[in-house]
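This is the structure I want to talk about, given as structure tokens.
Quick note: the coordinates plus some simple rules give every number you see, no bench work behind them. Quick caveat, the model's predicted, so the values are computed rather than measured. Because the Cβ atoms are built from the backbone with ideal geometry, glycine has one as well, and the counts that use them run over all protein chains shown.
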Amino acid sequence: MTVRDGTRRGRAVLAALCLALAAGAARAEATRVDCVVEPAQKLKIGSATLGILKSVPVNRGATVNAGDIIARLDSSVEEANVALSRAQSESMASIEAQQTRVELFKRRLDRQNQLSKGIVTQEKLDQVEADYEIGRRDLQTEILKRKLAGIELQRAEAQLELRMIRSPIRGIVTERLMSAGEFVRQDSAIFTLVQLDPLYVEAYLPVSRWKEIALGMPATVELDQPIGGTYIAKVSVVDQVFDAASGTFGVRLELPNPDFKLPGGQRCKVTFPLAPAGPLATALPSESK
């Protein structure tokens, strides 16, 4: 091989390397796209029943856990109903009285059965047996009444619970729209709550990368200033319908935020890992024999 041939081959190799590096750089740039960090949920909290707000113990900016009482409606009537139903369900007086009657009828029936048939008429014996059977049935009725009183107590407690407005999520109060003393309708919103753990990272990628994005894939999220910093999020949703106008598809990632240190509603950039590339040697020209 002459010096000129070696020079030409060296130039060809250098050009191939430049092209490969340029393609890799372009591909790397395509994996870093703009994104937006949003709360996982944004909820308007209202009441299932009508009533007057009695207390609103939380305010804007408060952190609440799922199940916390964040407002109460006036519940004086419901509390009285619960107390009445509890007293009825816990009372054993009627059952104990009926048990005493049944025991009395049983002893009377036993005495009648011990006497000879010539002394006790069949009519008298039938009457005693009927009293005993009626007493047993009345006892079952009293037991059923107590059971129904327990169910009535559960209904009264459920009605009282409807007067308590509880947070359905662990999150932050961003708006308090009503105060104590105001009348609440079923379409009234009392609070706005947001769920910040996890945060949702929404991004759009070109459809050419659709097969490369998989559920559970980790990606690096870089938040804009003034928050800044890089964080690892995982893909939770890959859209199955493309946007034909822009030639893109949506991807959602979940970013853990257990301490609520990261706010929602901010811009970011997300970088996805590259798909495995083929060997670089395939881009080089083969040596001529």
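Given a Förster distance of 45 angstrom, what is the FRET efficiency for N59 paired with E212, based on the Cβ-Cβ distance and rounded to 0.05?
Computed FRET efficiency for N59 and E212 comes out at 0.45.
Taking a label point 7 Å from the Cα of V36 along the Cα→Cβ vector, which residues of segment 241-275 have an amide N closer than 11 Å to it?
Once the point is set 7 Å along Cα→Cβ of V36, 265-268 turn out to lie under 11 Å by backbone N, inside segment 241-275.
Run the numbers for S76 and D126: contour at 0.36 nm per residue of separation, minus the present Cα-Cα distance, in nm.
Gain on extension, S76 to D126, equals 12.7 nm.
While we're looking at this one, here's another question. For K147, which lysines qualify as cross-link partners when the Cα separation must be under 30 Å and same-chain residues fewer than eight apart are set aside?
Qualifying lysines at Cα under 30 Å: K106.
Per residue, how big is the convex hull of segment 92-228 when only Cα atoms are used? Give it in Å³.
Per-residue hull volume (Cα only) is 338 Å³.
Counting other C-beta atoms within 10 Å, and keeping those with at most 12, which DSSP coil trypsin sites (Lys or Arg not before Pro) do you find in segment 193-270?
Hits after loop and neighbour filter: K261.
If you don't mind, there's one more thing I want to ask. Please list the three semi-axes, largest first and in whole Å, of the ellipsoid equivalent to segment 41-157, using sqrt of 5 times the eigenvalues of its alpha carbon gyration tensor.
Output for segment 41-157: semi-axes of 58, 11, 10 Å.
I've got another one for you. What trypsin sites (Lys or Arg not before Pro) does segment 135-206 have in DSSP loop regions with at most 16 other beta carbons within 10 Å?
R185
Then there is this: Could you work out how far apart the two model spin labels at I69 and R146 are, taking each label as a point 7 Å from the Cα in the direction of the beta carbon, and quote it in nm?
So the label points at I69 and R146 sit 3.1 nm apart.
Can you list the equivalent-ellipsoid semi-axes of segment 150-249, largest first and in whole Å, using the square root of 5 times each Cα gyration tensor eigenvalue?
Semi-axes, largest first: 42, 19, 16 Å.
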